[in-house]
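Heads up, the thing below is written out as structure tokens.
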Amino acid sequence: MMDPLFDFTGKVALVTGGSRGLGYQMVKAFASRGADVIIASRKLENCEAVAEECRALGVRALAISAHVGKWPECDRLIEEAYAAFGRVDILVNNAGMSPRSPSHEVTEAMFDSVVNLNFKGPFRLASQIGKRMYDAGGGCIINVTSSGSLMPLPQVVPYGSSKAALNAMSVSLAHEYAPHVRVNTLSPGAFKTDIVQAWPDKGEGPIPTPRGVAADPGDIVTAALFLASPASVNVTAALVRCDGGQH
């Protein structure tokens, strides 16, 4: 039998960047525990492939192509999600980008792209869905940030700064939509997603954390489930680190 604290039957979860990496892991975790899921990403065919996997688990799944760095597409995503399911109980703002560049070479276009996807879009989704959740009497928002927001690094200044803004946003919205809506930040560290292909060691070498290694993508699941479930009823405006002790 499923643990009642982690039974999401009857709930609807919307995950941006849900077709791959950590987003994919979270989508499958919610679906395998009974939640209907909405998978949003830029490439519809990738979202649909994940949706098919979720339907095979016996839940409803909707694939939506959307660039969540653009407010009109955020608004369309919201309208399509509510038209299909009538509600969103769990929003995971997971989509993001982290291009590396010397700061003096960052163009305005690159800066805007990073900030739009990492902060501007999540704000739009969280504020609009958060208000709907509040009016409906409940909901949960998880904003996926990064250890780079807590330990800023060179050559990724727009990324670290936009993720730090996401941390602050979570606290503000947690107070604004309380007591009905919980808003928390989930801060991953090094994970072996497709991004590790750009690393010299492909993510296989030791890293300077207490755990000592980059985590497998599935290791994000329990942290996300905890924040979305009744098990965390008294957790809001919190930043939960899932980074192997990075500091």
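Derivation of every value follows stated rules applied to the coordinates shown; laboratory data play no part. The structure presented is a predicted model; accordingly, all values stated were derived computationally and were not measured. All Cβ positions, even for glycine, are placed from backbone atoms using ideal geometry, and neighbour counts span all protein chains on display.
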Exercise for the section: Provide the gained length on full extension for the span residue 105 to residue 204, in nm with one decimal, where the gain is 0.36 nm per separating residue minus the Cα-Cα distance. Expected result: 32.6 nm
Handout entry: Estimated vicinal HN-Hα couplings, Hz - the stretch 50-55 in sequence order (Karplus 6.51, -1.76, 1.60; Gly, Pro = x)
Key = 5, 4, 4, 4, 6, 4
Exercise for the section: Can you find, among 214, 54, 37, the residue farthest towards the positive end of the dipole of the chain? Put +1 on the C-beta of Lys and Arg, -1 on that of Asp and Glu. Expected result: 37
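Just rank 67, 175, 180, 104, fewest to most, by other beta-carbon atoms within 10 angstrom.
Result, fewest neighbours first: 104, 175, 180, 67.
Counting other Cβ atoms within 10 Å, keep those with at most 13, restrict to DSSP loop, and tell me which trypsin sites (Lys or Arg not before Pro) in the stretch 13-75 are left.
Passing sites in the stretch 13-75 are 43.
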Exercise for the section: Let me have the 222 nm mean residue ellipticity of the chain computed from DSSP H runs of 4+ only, each contributing -39500 (n - 2.57), with the sum over all residues rounded to the nearest 500. Expected result: -11500 deg cm²/dmol
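What's the extension gain from residue 222 to residue 175 if we count 0.36 nm per residue and subtract their Cα-Cα distance?
Difference between extended and current length: 14.4 nm.
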Handout entry: Residues 219, 112, 243, 3, sorted so that the one with the fewest Cβ neighbours within 10 Å comes first
Key = 3, 112, 219, 243
